[in-house]
Amino acid sequence: MVKDLFERIQENKGPLGKWASQAEGYYVFPKLEGELGPRMQFHGKNILNWSLNDYLGLANHPEVRKADTEAAIQFGAAYPMGARMMSGHTTYHEQLENELASFVMKESAYLLNFGYQGMVSIIDALVTKNDIIVYDVDSHACIIDGVRLHMGKRFTYKHNDLESMEKNLQRATKMAEETGGGILFITEGVFGMRGQQGKLKEIAALKKKYNFRLLVDDAHGFGTLGKTGAGAGEEQGVQDDIDVYFSTFAKSMANIGAFVAADKTVIDYLKYNLRSQMFAKALPMIQTIGSLKRLELLRNSSSIKDKLWENVNALQNGLKEKGFNIGDTNTCITPVYLEGSIPEAMVMVNDLRENYGIFLSIVVYPVIPKGIILLRMIPTASHTLADIEETLTAFEAIREKLTNGTYKEIAERTTVDVS
């Protein structure tokens with residue numbers, strides 16, 4: 001008998017979906033309202049927002065808002081109507097690609113509508129069934145999904161572990177010699193959960209021993225790292241060793257879209273083989289022209305990045321001085337590791353939001369090991385030192401409640417009210 005396809009969906013809603021009835025609208029799919037920025041509203045209350053993907057504070061920059069508005073007035077949301085290859089190609093798209101390529105010190109670049117689908121499609125286009133992929137076990141979901149499309153062999157190495165990298169490069173080399181293919185090595189410039197930079201300098205050095213091409217997802221490094229903001233490769237002095245550089249507009253650029261940059265021969269190939277772009281409408285003019293203005297500010301206003309790092313250093317140093325464990329982050333991403341159960345974590349987040357007015361992201365098992373609570377914060381150039389002091393004070397209070405058993409007691413006797 002053939003089962004109803006949806007029978008499984010009714011019985012198993014997935015590892016996150018099974019919590020939807022308790023969590024939706026509060027812990028997941030929360031509605032933040034008001035002007036985009038560090039101070040917003042949640043459930044009718046003013047909150048201090050540390051979950052804002054706007055590193056450089058460009059979302060509400062007056063020049064950015066003006067550029068977005070003027071593009072919308074001139075072109076509307078529909079223009080251009082068509083895929084780049086067929087009818088959606090414009091001078092503005094070319095200009096943005098040329099400026100992005102120059103900014104990240106690559107010969108050529110190509111725009112992508114979305115970072116996630118772009119990375120999936122890049123991986124799919126770069127490899128054949130004879131090629132081997134080697135990638136970090138902690139890679140972002142877009143990389144994992146791209147690798148899933150690969151019909152050939154793939155190897156994962158332990159996160160940022162040089163010994164494991166080399167071991168798997170040896171395995172990949174042996175396999176590639178048998179298949180007659182090549183090796184694509186994938187890592188991230190910045191790992192978004194823990195805030196560690198990928199070991200790009202060390203990986204680049206491995207090129208002297210092994211024949212592989214390096215693809216770097218630098219979503220969190222672009223705009224925040226390096227002397228000019230060109231990312232983790234510039235920060236580590238190995239930008240030239242990155243064969244294919246990828247980043248999104250959804251972090252530092254406070255926009256929608258992404259790009260890939262490489263030698264012209266590689267970009268020319270991707271233009272004609274990147275299925276996510278060949279068969280999709282071109283990036284709208286509002287995003288394209290808006291990104292040109294954002295890139296201009298990123299290039300010419302170093303004070304924005306300086307302010308970002310002033311806040312990052314103040315937050316991270318303040319946390320460490322007060323005895324909090326922030327791991328080994330060496331980027332803007334600021335994780336705080338605490339010990340506690342999932343029920344305690346839920347009570348803690350509720351307390352932070354309802355009684356301290358602090359909104360941030362929380363990560364628990366199975367994303368991280370059992371017994372660990374990760375509070376993840378994204379400092380931006382728009383935050384103030386007063387915001388940081390307020391947060392440090394709140395963190396001391398919740399840590400005391402966690403260690404003295406207050407949250408455990410509440411979790412055992414009641415369900416957190418998320419109405």
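The values are calculated or read from the model by the stated rules, or taken from the named source; none is laboratory data. Predicted, not measured: the structure shown is a model, and the values here were computed from it. Backbone-built Cβ (ideal geometry, glycine too); neighbour counts: all protein chains shown. In case anyone asks, the SASA skips ligands and DNA or RNA and just uses the protein heavy atoms, side chains included. Shrake-Rupley method; radii C 1.70, N 1.55, O 1.52, S 1.80 Å.
Counting only other residues whose beta carbon sits under 10 Å from that of Met278, what net charge do I get with K and R as +1, D and E as -1? The partial results should precede the final answer.
Numbers: positive: Arg84, Lys271, Arg275; negative: none.
Surrounding charge for Met278 is +3.
What accessible area per residue, rounded to a whole number of Å², is obtained for segment 187-326 using a probe radius of 1.4 Å?
Details: 5380 Å² over 140 residues.
I get 38 Å² per residue for segment 187-326.
Need one number for segment 366-419: average projected area of the convex hull over its C-alpha atoms, nm².
Numbers: hull surface 23.1 nm².
That works out to 5.8 nm², a quarter of the Cα hull's surface.
Find how many whole Å separate the alpha carbon centroid of segment 1-34 from the alpha carbon centroid of segment 266-329.
Rounded to whole Å, the Cα centres lie 31 Å apart.
Fully extended, how many nm does the chain gain between Ser87 and Asn130 (0.36 nm per residue separation, minus their Cα-Cα distance)? All intermediate terms of the calculation are to be shown ahead of the outcome.
Details: separation 43, 0.36 × 43 = 15.48 nm, distance 3.44 nm.
Gain on extension, Ser87 to Asn130, equals 12.0 nm.
Here are some pairs, Lys320/Lys370; Lys106/Lys208; Lys158/Lys271; Lys66/Lys271; which of them have Cα atoms lying more than 28 Å apart in this structure? Don't jump to the answer; show the numbers that get you there.
Numbers: Lys320/Lys370 23 Å; Lys106/Lys208 21 Å; Lys158/Lys271 33 Å; Lys66/Lys271 31 Å.
As for pairs spanning more than 28 Å Cα to Cα, those are Lys158/Lys271; Lys66/Lys271.
Cα to Cα, under 14 Å, and not fewer than 8 places away if on the same chain: which aspartates and glutamates meet these conditions relative to Lys174?
Within the straight-line cut-off, Lys174 pairs with Asp131, Glu166.
Contour minus end-to-end for Asn313 and Ala78, with contour as 0.36 nm per residue of separation and end-to-end as the Cα-Cα distance? The partial results should precede the final answer.
Values: separation 235, 0.36 × 235 = 84.60 nm, distance 4.19 nm.
Taking 0.36 nm per residue and subtracting the Cα distance, the gain is 80.4 nm.
Can you tell me what the convex hull of the Cα atoms of segment 280-419 projects to on average, as an area in nm²? Could the numbers behind the result be given before it?
On the way: hull surface 47.6 nm².
Convex hull of Cα atoms, orientation-averaged projection: 11.9 nm².
What shape does segment 1-124 have by the C-alpha gyration tensor, where a ≥ b ≥ c are the square roots of the eigenvalues, rounded means a/c under 1.5, and otherwise prolate means a/b greater than b/c and oblate the rest? Mind showing how you got there, number by number?
Values: a/c = 2.23, a/b = 1.30, b/c = 1.72.
Because a/c hits 1.5 or more and a/b fails to exceed b/c, segment 1-124 counts as oblate.
When you count, for each residue, the other Cβ atoms within 10 Å and take the mean per peptide, how do 38-44, 321-327 rank with the highest first? Could you put the intermediate results ahead of the total?
Details: 38-44: 15.3, 321-327: 13.4.
Sorting 38-44, 321-327 by mean packing, highest first, produces 38-44, 321-327.
Which of Gln22, Gln277, Gln117 moves the most in a Gaussian network model of the chain with Cα springs under 10 Å?
Residue with maximal mean-square fluctuation among Gln22, Gln277, Gln117: Gln22.
Students often check this: by mean Cβ neighbours within 10 Å, which of 366-374, 11-19, 260-268 ranks highest, and how do the rest follow?
Details: 366-374: 13.7, 11-19: 10.8, 260-268: 18.7.
Peptide ranking by packing, descending: 260-268, 366-374, 11-19.
Where does the charge balance sit around Lys209 when Lys and Arg score +1, Asp and Glu -1, over other residues with C-beta under 13 Å from its C-beta?
On the way: positive: Lys167, Lys207, Lys208; negative: Glu166, Glu202.
So the surrounding residues net to +1.
Determine the shape class of segment 224-292: with a ≥ b ≥ c the square roots of the Cα gyration tensor eigenvalues, call it rounded for a/c under 1.5, and otherwise prolate if a/b is greater than b/c, oblate otherwise. Provide the component values of the computation, followed by the final result.
Working: a/c = 2.87, a/b = 1.24, b/c = 2.33.
Oblate.
Take the chain, connect every pair of alpha-carbon atoms lying under 10 Å apart with a spring to form a Gaussian network, then pick out the residue of Gly290, Gly189, Gly405 with the largest mean-square fluctuation.
Highest fluctuation among the options: Gly405.
Can you return the aspartates and glutamates within cross-link range of Lys227? Criterion is Cα-Cα under 16 Å, with same-chain partners fewer than 8 residues away left out.
Asp218, Glu235, Asp240, Glu296, Asp306, Glu310
Which order do the peptides 65-76, 145-156 come out in when sorted by mean C-beta neighbours inside 10 angstrom, highest first? Display every interim value, and only then the final one.
Working: 65-76: 14.7, 145-156: 17.1.
Highest to lowest by the protection proxy: 145-156, 65-76.
Do any of Lys307/Lys408; Lys199/Lys401; Lys31/Lys307 go past 31 Å between their Cα atoms, and which?
On the way: Lys307/Lys408 39 Å; Lys199/Lys401 37 Å; Lys31/Lys307 28 Å.
Lys307/Lys408; Lys199/Lys401, as the Cα separations exceed 31 Å there.
Could you work out which residue, out of Ala125, Ala101, Ala78, moves most in a Gaussian network model of the chain, that is, has the largest mean-square fluctuation with Cα springs under 10 Å?
Maximum fluctuation in the GNM of the chain, among the listed residues, is at Ala78.
Pop out the carbon and sulfur fraction of the accessible area of the chain as a percent, whole number, probe 1.4 Å. Provide the component values of the computation, followed by the final result.
On the way: 10460 of 20100 Å².
Carbon with sulfur: 52 percent of the solvent-accessible area.
Pairs of Cα atoms under 8 Å, at least six residues apart: use those to get the relative contact order of the chain, whole percent. Mind dumping the intermediate values first?
On the way: 754 pairs, mean separation 85.9, N = 419.
Relative contact order, the chain: 20 percent.
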